[in-house]
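Reading through the C-alpha cells given below for one structure.
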Amino acid sequence: MNRLLLLTLTGVFALSAPAFAQTAEKLDPGAMAKIKDEGLNRSQVMATAFYLTDVCGPRLANSDGLKRANEWTKSQLTKFGLANATIEPWGDFGRGWDIEKSYVALTAPYYHAMIGAPKAWTPGTAGALRKSVVYVKATTEAELEQFKGRLRDKIVVLPVPVVPKPSFEPDAKRYSDEELQKLAAAKPAAPAAAADPAAAERLSQRRAQAALRTKMAEFIQSEGAAAVLSNRGGTDGTFNTSNGAPYAADAKPALPEIEMSTEDQLRLIRLAEAGVPVEVEMETRTRFQTQDLKGYNVIAEIPGSDRKLKSEVVMLGGHLDSWHAATGATDNAAGCAVMMEAVRILQASGLKLRRTIRIALWGEEEQGLHGSRGYVKNHFADPATMVRLPAHEKLSAYFNLDNGGGKIRGIYAQGNEAVAPIFTDWLQPFADMGATTVTLRNTGSTDHIAFDAVGLPGFQFIQDGLDYGSRTHHTNQDTYDRLVPEDLKQASVVVAAFVYNAAMRDQKLPRKALPVVAKPQ
C-alpha cells in the first residue's frame, strides 16, 4: 500500500458503549468458538503466505509474478471450497515489466559488490556496462547546465535525499495502550478558517522539486548518459523502490536505472567529490510485456444460504500486487493470506452464512488503487457521477487488510458513527487477543477507499505496525522472514468473525450519507 495517512476526523467515538443508544449485537458464542478453533489450531495462513512470496515471487503490476499469483490464488480458493472463482479484468492498465538479470558493483578504485535493483519499467543495459561515474547534484536548472557536455557514456550518480543517522529506536513496534486510547478518543479537527500559507508554500516547493527532477531526467538522457544510479532512502542495506518510467503503452523511453542502498550510494558520492576516479560495472536485463495491457482481480465466493438475504454480499480483500525488489510479504501478501485464511476458516468450520461472502484480491493497487476502483466502478457506482448500479444496494460491507503483517488491534470506522458501537460489540470476544479499539478516524491510501468513495461501508483494520514503516514498506527487505505467524493467525480469526457477523445480521451495516458530486459548470 501507499504510506499510511491519517486524515481529517469526522466524529468521535469512545470505547465506552453507553455513549451511544444502541441494542447490543447478537453474537453466536458457538460460532466464535468454531472460528477460533479452526483458525488457531489448523491454520494454513503461513503456507499461503509462503506460496505468495517465495514461490510466486515479486508481483509487480501486470508482471509474470502477479500472473502466477492470480492463477494460484484462483486455484487455491477453489480448493478451499469457494465457488465462482475467476480472474476478472477491471480495465486497461498498461505494460507489464519483469527483471531477468540485475548486477551492480564498484570496480575502481577497488572492487566491491553493491546492493541495488532496477527501477520498475526502466529498460535494460543491453549487456554489461563498465563506465566512469559522474555525480550530478543540482538544485536549479542553472546548476544543471554546468554538467552540459560531461555526461556522455557515463554512469550518473544522483544525490541521496536523506543522509542516515544512528538510531537508538527499535525497528519493530506495537501499539501501546496509550496510543490505542488516543485512537479511540480522537476528536474531529476544527475546520480551517483560511488557507494555511505554510501548507501552500510546502506544496509549491514539492511541485518545484518534482519539476526539477523531471527536467534533470530529460537533461541526463539528452546528454547521452549510459545509465543512472539513484536512491530514495533506507538504511543498513535497505533501500526503497519505485517506478522509474511510466507503465503506459506509449510511454517515452527512459535510461537504465538502478536504485541503490543508501550506504553504497553515499560511498560513490564521497569518492567522486574527493576527486577519486570512480568506475562502476552494471548490467540489467528487463522485459516489457505489451500483449495484454489489462489489469485483473481474483474473485471468489461462499454463496449465502438464506433465501431472502443470499443476494446481499459481504466483501473482504487485500491487494495482491507488490513492488519488485523483494517478495511483497508485508505489502501485501500478509493481507491476502489473512483474507484467504478467513474464508477458509468459514468454509472449514461448516458455518451456514445467510449472506454471500465474496473475497477480492486486487491488482495494481500500488499504482493508484486501480483494481479496487475499477471493480467498484464496474459493479457498484461511478464516483465521478455517483450513478449507482443495482448491486450498490446489495453490498453490506467491505473489509480490507493492508497495513503490514501485524496483528489486528481494532478497526477504523471511517467516520461512520452508527457502525462504531456494532464493531465494539464484535470485538468483545477478541479482547484477550489484543483487538479492542474502534476509532472514527479515516485511514487512507488503500482499497477500502474505493468503496467509501461511492458511499459503501468500507473499512480497514488497525494493525500493529511492527517494522512496516521502518524497514519493509516498499523496500528490498519485504520478505517472508518479516512475518509473525501468531499475528497472522490472530488477524485471520478476527477477520473471519467480522465477516461472519456481517453475514448473519438481520440488516446490512449502516451507511454514511452518499457523497455529493459537484455538478459540471
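Is it the case that some residue within segment 423-445 is in the same structural domain as ALA333 (by TED's automatic domain parsing), touching a Ser or Thr at 6+ places or on another chain (Cβ under 9 Å) and closer than 30 Å to ILE115 by Cα?
no
Name the one entry in TYR110, TYR135 that is surrounded by fewer than 13 Cβ atoms within 10 Å (Cβ to Cβ), at pLDDT 95 or above and not charged (D, E, K, R).
The conditions single out TYR110.
What residue, of THR327, THR286, is under 24 Å from ALA248 (Cα atoms) and part of a loop (DSSP other than H, G, I, E, B)?
Only one candidate passes the filter, namely THR327.
Since SER102 meets every condition but one in (1) modelled with pLDDT of 95 or more; (2) in contact with a helix residue (DSSP H, G or I) (Cβ under 6 Å, 6 or more places away or on another chain), which condition does it not meet?
Of everything listed in (1) modelled with pLDDT of 95 or more; (2) in contact with a helix residue (DSSP H, G or I) (Cβ under 6 Å, 6 or more places away or on another chain), SER102 misses just condition (2).
Mind telling me which of the residues ASP481, ASP452, ASP447 ends up being out of contact with any His (no Cβ under 9 Å at 6 or more places or on another chain) and crowded, with 22+ Cβ neighbours inside 10 Å?
ASP452
All but one of (1) part of a loop (DSSP other than H, G, I, E, B); (2) more than 15 Å from ILE359 (Cα to Cα) hold for GLY81; which doesn't?
The one condition GLY81 does not meet is (2).
Which residue, of GLY350, GLY328, GLY368, is free of Cβ contacts under 8 Å to residues at least 60 places away in the same chain and small (Gly, Ala, Ser)?
None of the other options fit; the residue is GLY368.
When segment 267-301 is examined, which residues are found to be surrounded by 21 or more Cβ atoms within 10 Å (Cβ to Cβ) and closer than 16 Å to LEU60 by Cα?
GLY295, TYR296, ASN297, VAL298
Residue pairs, Cβ under 7 Å, 6 or more apart or interchain, first in segment 33-55 and in contact (Cβ under 8 Å) with a residue 24 or more places away in the chain and assigned to a helix (DSSP H, G or I), second among the aromatic types (Phe, Trp, Tyr) and buried (at least 23 other Cβ atoms within 10 Å of the Cβ). List them.
Filtered contacts from segment 33-55: ILE35/TYR500.
Can you find a residue in segment 333-351 that is assigned to a strand (DSSP E or B) and either in contact with a Gly (Cβ under 9 Å, 6 or more places away or on another chain) or not assigned by TED's automatic domain parsing to the domain that holds PHE459 (or both)?
For segment 333-351, residues assigned to a strand (DSSP E or B) and either in contact with a Gly (Cβ under 9 Å, 6 or more places away or on another chain) or not assigned by TED's automatic domain parsing to the domain that holds PHE459 (or both): absent.
Name the residues in segment 387-426 that are farther than 18 Å from GLY458 by Cβ and either hydrophobic (A, V, I, L, M, F, W, C) or in a helix (DSSP H, G or I) (or both), would you?
Selection gives VAL387, PRO390, PRO421, THR424, ASP425.
Evaluate the following for LYS173: is it surrounded by 12 or more Cβ atoms within 10 Å (Cβ to Cβ), of a type in the set (Lys, Arg) and within 25 Å of THR284 (Cα to Cα)?
no
Among the residues of segment 503-521, what is the count of those that are under 19 Å from VAL343 (Cβ atoms) and either surrounded by fewer than 16 Cβ atoms within 10 Å (Cβ to Cβ) or touching a Leu at 6+ places or on another chain (Cβ under 6 Å) (or both)?
1
Residue check, GLY328 against (1) assigned by TED's automatic domain parsing to the domain that holds ALA497; (2) in contact with a Phe, Trp or Tyr (Cβ under 8 Å, 6 or more places away or on another chain), all met but one. Which one?
So the condition that GLY328 fails would be (2).
Going through ASP264, ASP236, ASP250 one at a time, which residue ends up being buried (at least 17 other Cβ atoms within 10 Å of the Cβ), among the charged types (D, E, K, R) and over 30 Å from GLY410 (Cα atoms)?
Step by step, each of ASP264, ASP236, ASP250 is checked, and only ASP264 is buried (at least 17 other Cβ atoms within 10 Å of the Cβ), among the charged types (D, E, K, R) and over 30 Å from GLY410 (Cα atoms).
Which residues, taken from segment 1-58, are modelled with pLDDT under 95, more than 26 Å from LYS508 (Cα to Cα) and in the same structural domain as ALA491 (by TED's automatic domain parsing)?
Correct list: empty.
Out of segment 122-150, which residues are hydrophobic (A, V, I, L, M, F, W, C), outside any loop (DSSP other than H, G, I, E, B) and more than 15 Å from VAL278 (Cβ to Cβ)?
ALA142, LEU144, PHE147, listed by residue number.
Can you spot a residue in segment 256-264 that is in a helix (DSSP H, G or I), of a type in the set (S, T, N, Q) and modelled with pLDDT of 95 or more?
yes
With respect to the numbered conditions (1) in contact with a strand residue (DSSP E or B) (Cβ under 7 Å, 6 or more places away or on another chain); (2) surrounded by fewer than 21 Cβ atoms within 10 Å (Cβ to Cβ); (3) at negative phi; (4) outside the structural domain of ASP432 (by TED's automatic domain parsing), which one is the sole condition not fulfilled by GLY127?
Every listed condition holds for GLY127 apart from (3).
Could you list, in sequence order, the residues of segment 427-461 that are β-branched (Val, Ile, Thr), under 26 Å from HIS392 (Cα atoms), assigned to a strand (DSSP E or B) and in contact with a Gly (Cβ under 9 Å, 6 or more places away or on another chain)?
Within segment 427-461, VAL438, THR439 meet the criteria.
Could you look through segment 322-363, keep only residues that are under 17 Å from ILE35 (Cβ atoms) and among the charged types (D, E, K, R), and pick out the one that is surrounded by the fewest Cβ atoms within 10 Å (Cβ to Cβ)?
The qualifying residue surrounded by the fewest Cβ atoms within 10 Å (Cβ to Cβ) is LYS352.
The values are calculated or read from the model by the stated rules, or taken from the named source; none is laboratory data. Because the structure is a prediction, the values reported are computed rather than measured. So basically every Cβ, Gly included, is an ideal-geometry build from the backbone, and we count neighbours across all protein chains shown.
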